[in-house]
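For reference, the structure discussed in these notes is given below.
Any read-out appearing in this document is the output of simple, stated calculations on the displayed coordinates, not a laboratory observation. This structure is a prediction, so every number in the text was calculated from the model and none was measured. Backbone-built Cβ (ideal geometry, glycine too); neighbour counts: all protein chains shown.
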Amino acid sequence: MNVTLRRRSLSWTAISAATYAAIIWIYFIAPLGPKFGQVMLGTAVFAHDPILNAGILEWARQAIASPSLHLFDWPPGFASQNTLAITENLLGWQPEFALLRWAGASVTFAYNSLFITSFFFSAFGAGLLAKRFDASEEGALLSGIIFAFLPFHLVHAI
């Protein structure tokens, strides 16, 4: 790959990332304003899912840091054992969530950060996949937007 093509590819990658970030800012962050750490994103459609997911993330963070708690024996699964192992444990999101919580962020702020991060990674990944299958830069950008911000994905986020 020559230098000109490489620069063009990197510039389109940066443009794509900036576009996805702008869409996320417009649709998710700006409407909440200073209440970003107080209002949980995603509760308008299915209020129970974000609360459940935030609870799972917080339990896993506490269980991983504690020698006396068992990760998969979470309180809502009582009296059965290892109930978190048979449901969504969200361990893949734990590094970012735990980092934010240990930095002093509230559960709501950390969850909202994961929520918007999931859209960014979805868009960016779909764009890279489209580019890998020889889509044009514009086509890759559009595929990322369509995949990440499709209503089905918006409802089933994180």
(request) Using a/c under 1.5 as the rounded threshold, could you call the stretch 1-73 rounded, prolate or oblate? The axes a ≥ b ≥ c are square roots of the C-alpha gyration tensor eigenvalues, and prolate needs a/b larger than b/c, oblate otherwise. (result) oblate
(request) Mind giving me the nanometre distance, one decimal, between the label points for LEU10 and ASP73, set 7 Å out from Cα along Cα→Cβ? (result) 5.3
(request) Please give the FRET efficiency for LEU128 paired with ALA21, using the beta carbon to beta carbon distance and R0 = 22 Å, rounded to the nearest 0.05. (result) 0.90
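Is any helix in the chain, taking whole DSSP H runs, at least 24 angstrom long along its axis by alpha carbon and on average at least 0.5 on the Kyte-Doolittle scale, and which ones?
Numbers: long enough: 3-24 (31 Å, 0.64); 48-65 (26 Å, 0.21); 107-132 (37 Å, 1.01).
Membrane-span-like by this criterion, though nothing is claimed about a membrane: 3-24, 107-132.
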(message) Could you list HIS70, HIS153, HIS48 so that the one with the fewest beta carbons within 10 Å of its beta carbon is first and the one with the most is last?
(response) HIS48, HIS70, HIS153
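List the relative contact order of the chain as a percent without decimals, with contacts defined as Cα pairs under 8 Å and 6+ residues apart.
Details: 139 pairs, mean separation 38.4, N = 158.
Across the chain, relative contact order equals 24 percent.
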(request) Treat the stretch 90-156 as a sphere of radius equal to its Kirkwood radius over Cα pairs and apply Stokes-Einstein at 4 °C in a medium of 1.567 mPa s; give the translational diffusion coefficient in µm²/s, rounded to a whole number. (result) 99
(request) Grab the DSSP H runs of the chain that are 4 residues or longer, score each as -39,500 (n - 2.57), total them, divide by all residues and round the 222 nm result to the nearest 500 deg cm²/dmol. (result) -19500 deg cm²/dmol
